[in-house]
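Student: Take this structure, written in structure tokens, and hold onto it; I'll ask about it next.
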Amino acid sequence: MATTVNHDQEKPLVPVYVTGGRTFAELTEDVARPLETFPTGRWWVCFIAAMLAFAVGATLLLQTFKTGVGLWGLNQPVGWGNDVTTFVFWVGIGHAGTLISAILFLFRQKWRTGINRSAEAMTIFAVMTAGITIMTHTGRVWLAAFWLFPYPNQR
């Protein structure tokens with residue numbers, strides 16, 4: 001005895017990821033379009049603004065390396081100021097990313113994957129930035145090893 005199957009009511013064996021009557025080719029075109037087209041005017045305005053901000057920051061950092069942290073208003077009685085505050089801030093941001101990741105793990109949240117990745121990336125970049133502030137607080141980076149790391153001497 002043969003049975004017939006109504007294919008209209010049959011459930012798919014695999015989940016459907018592309019809905020709305022779109023094909024995989026159309027989906028590929030939608031995803032690749034921003035990479036294959038020339039940037040718009042708004043993109044160029046934002047890019048130029050970002051490059052100007054980078055140039056100002058690089059110029060100020062190079063000026064600090066050239067003249068030292070006295071440029072920031074730090075003198076002999078005040079050896080640390082904004083630089084130690086910045087270091088503590090970035091270390092705190094790194095701790096926050098670790099805390100977010102740990103809390104989501106401890107509570108076994110099913111939706112934590114994307115947030116964990118962002119929090120852990122935030123931790124890594126914050127710790128790298130905190131490390132950079134250690135090097136820039138000396139003002140003259142080529143003297144960083146002289147001032148930061150202990151070594152035997154006769155002085």
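Quick note: the coordinates plus some simple rules give every number you see, no bench work behind them. Please read all numbers here as calculations on a predicted model, not as lab measurements. All Cβ positions, glycine included, derive from the backbone under ideal geometry; neighbour counts span all protein chains shown.
Student: Zone of Phe125 (label point 7 Å along Cα→Cβ, backbone N under 15 Å): which residues in the stretch 79-99?
Tutor: Backbone N within reach: 90-91, 93-98.
Student: Hey, what do the phi angles of the stretch 48-61 turn into as Karplus ³J(HN,Hα) couplings, whole Hz, using 6.51/-1.76/1.60 and θ = phi - 60°, x for Gly and Pro?
Tutor: 5, 4, 5, 5, 5, 4, 5, 5, 5, x, 5, 4, 5, 5
Student: How would you rank 100-111, 118-129, highest first, on the average number of other Cβ atoms within 10 Å across their residues?
Tutor: Ranking the peptides 100-111, 118-129 by packing returns 118-129, 100-111.
Student: Here's another thing I want to ask about it. Using a Debye calculation, one point per C-alpha and no hydration shell, please list log10 I(q)/I(0) for the stretch 16-67 at q = 0.21, 0.27 Å⁻¹ in order.
Tutor: -0.82, -0.97
Student: Calculated FRET efficiency, Val91 and Thr23, Cβ-Cβ r, R0 41 Å, to nearest 0.05?
Tutor: Numbers: r = 50 Å, r/R0 = 1.21.
Step by step, r from the Cβ atoms, then E = 0.25.
Student: Hey, rough spin-label estimate for Cys46 and Ser118, points 7 angstrom out along Cα→Cβ, what's it come to in nanometres?
Tutor: Roughly 1.7 nm, to one decimal.
Student: For Thr37 paired with Val56, estimate the spin-label separation in nm (one decimal), with each label point 7 Å from Cα along the Cα-to-Cβ line.
Tutor: Distance between label points: 3.1 nm.
Student: Ok, one more. So for each of 83-93, 28-38 I average, over its residues, the number of other beta carbons within 10 Å; can you give me the resulting order with the highest mean first?
Tutor: Descending packing order for the listed peptides: 83-93, 28-38.
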